[in-house]
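Everything below concerns the one structure shown next.
Just so it is clear, none of the values below were taken in a lab; they were calculated from the coordinates. Keep in mind that what you see is a predicted model, and the values were worked out from it rather than measured. Every residue, glycine among them, receives a Cβ derived from its backbone with ideal geometry; neighbour counts consider all protein chains shown.
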Amino acid sequence: MKKISQIETGGRFLYGGVEWVKLYAGDGTVAISAEPVFERAFDENNKNDWRSSSLRRELNGAFLDALVAEGADRAAFLDWESDLTADDGMTDYGTATDKIALLSDKLYRMFRGIIPRVDAWCWNLTPWTCDASYSYCVRIVNSSGAMGWDGAYLGYYGVRPLCYLKSEILVSVPGEDDEEKNVEVAEEDRAQLVLIASDRILNALNEYPLEVWGEALGAAVASLFTSKQDAAQIAAQYRSPDDVWTPFSSLPVVLICNPKLLSSESLQSWADLLSPELRGKIAFADPSVSGSSYTGLVTMLYALSGEEQDVVLQRFAENLDGKLLSGSGEIVSSVASGESLAGITLEETALKRIAAGDEIEMIYPTDGTSCVPDGTAIVSGAPHPDNAKAFVDFTVSRDVQELIQERFYRRSVRSDVEPASKLPPLKQLTQVDYDVGWASAHRDAILMSWAFYLDTEPES
């Protein structure tokens, strides 16, 4: 047992049957649960005002009672005042004081370096706006660490309670209290840990396809190495021409729509995104910061190659009508909520959100999509290169490649692995001849033209 004051920032401790992470120590200690404690709607009445939310009532009622029932001292939970300033700067909601709260956006940005990422998408308590027209929009943090928003009534987001504890109370520290016990981890537990770790890695990779790595990747590689693990089974279209990296999974770009507001029959191709009917209703992230959006933009250029590149960029930029999302994590939410009618995302992302209950429909563009791989490379100066090579070989093994399809909605790069039942064979999709090298070499020029057209007033 230890006093919380003796635990370092970022350290974990057990209290009231919940594992917490220490974020800050002042007069008391601010802590957040290491994992979501349950999934709940932010508010059953679909309001983003924390002061009246059903989740606030549950955390400060039944949840706090459960902590006490597990041995926590009710008096150890100090009053915590939350700033309810909205993401757009509105201050109509003021503040709220609780024993149990949630992170605000401000606190998340302050402590995101030590807050452990989790496999779930979780609520913050910050409203997107206090404006009555969007009073259902609450800020969230997705599994990659990116921030977005969604409707307060949705019941599948995780809840990570925040509390302010007396620093002198005694708590249990995982691992230290049973240091001398030889605890064996069951094989099924090991497998679950692998799945969780894999999902976090995959979510992080979404934003960084190959063309974003550019020349920096080549500079980081100590000696060229490509996996020899069943090398002949890796599909030729995914192989690195210079053996700098080994492909891991394939990520088709797809279109999505809100089926309640837009029929998928009206969104069959990239050309349909240029329709005046969709002006200002397309969810698209800034391609200068989102790797998946840059891939989508270049895919559109390939698919509409019958038009001049700058013409396509200009028409698409104008059809966004000034609406550009800050990150790709917001795209599906924008379409599912009805704020946007259509969007551009990765197949993997769309399938995950459909499985989670989002009301969106996925469309493979008839004028072609790309299937750009992500990959694995060994960095320069790796202290254990043989272990690194063994891991690279492991990533393209048949077992792993089958796993990423069945559990993570990603496509295998092996030619001898059949697509999962939920994935149509690639041969059924129209594919553009996407050149990763060309996309990387022309990235600055494309983004410069894009920025110009995005800021240019369209002709009347």
Residue separation between Lys323 and Glu359 times 0.36 nm, minus their alpha-carbon distance, gives in nm 10.8 nm
By Cβ neighbour count within 10 Å, fewest first, Lys389, Lys281 rank Lys389, Lys281
Cut-off 11 Å between beta-carbons: net charge of the residues surrounding Asp272, Lys and Arg +1, Asp and Glu -1:
-3
Pop a pseudo-label 7 angstrom from the Cα along the beta-carbon direction at both Glu402 and Asn45 and give the gap in nm to one decimal.
5.3
Would you please put 73-81, 282-290 in order of how densely packed they are, using the mean number of other Cβ atoms within 10 angstrom per residue and starting with the highest?
282-290, 73-81
How do the peptides 329-335, 151-157 rank, highest first, by the average count of neighbouring beta carbon atoms within 10 Å per residue?
329-335, 151-157
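How do Asp393, Asp92 line up, fewest other C-beta atoms within 10 Å first? Numbers along the way, then the final one.
Working: Asp393 19, Asp92 13.
Lowest count first: Asp92, Asp393.
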Most exposed first by the Cβ proxy, i.e. fewest other Cβ within 10 Å, how do Thr129, Thr97 rank?
Thr97, Thr129
Order by protection proxy (mean Cβ within 10 Å, highest first), peptides 365-372, 111-118:
365-372, 111-118
Using only the alpha-carbon atoms of the range 339-460, report the extent along each of the three principal axes, biggest first, to the nearest angstrom.
61, 39, 27
For the range 1-41, which GluC sites (Glu not before Pro) pass both filters: DSSP loop (anything but H, G, I, E, B) and at most 15 other C-beta atoms within 10 Å?
Glu8
Which length gain, in nm to one decimal place, applies between Thr95 and Phe452 when the Cα-Cα distance is subtracted from 0.36 nm times their residue separation?
124.4 nm
In terms of the ratio Rg/(2.2 N^0.38 Å) built on C-alpha atoms, what value belongs to the chain?
1.06
Taking 7 Å along the Cα-to-C-beta vector as the label spot, tell me the Gln233-His442 distance in nanometres, rounded to one decimal.
3.6
CD proxy at 222 nm, helix term only [per DSSP H run n ≥ 4: -39500 (n - 2.57); per residue of the chain; nearest 500]
-8500 deg cm²/dmol
Check cross-link reach from Lys22 to the lysines: straight Cα distance under 29 Å, and skip same-chain residues fewer than eight apart.
Lys2, Lys3, Lys99, Lys106, Lys166, Lys181
Between Asp310 and Thr9, 0.36 nm times their residue separation minus their Cα-Cα distance comes to what?
103.3 nm
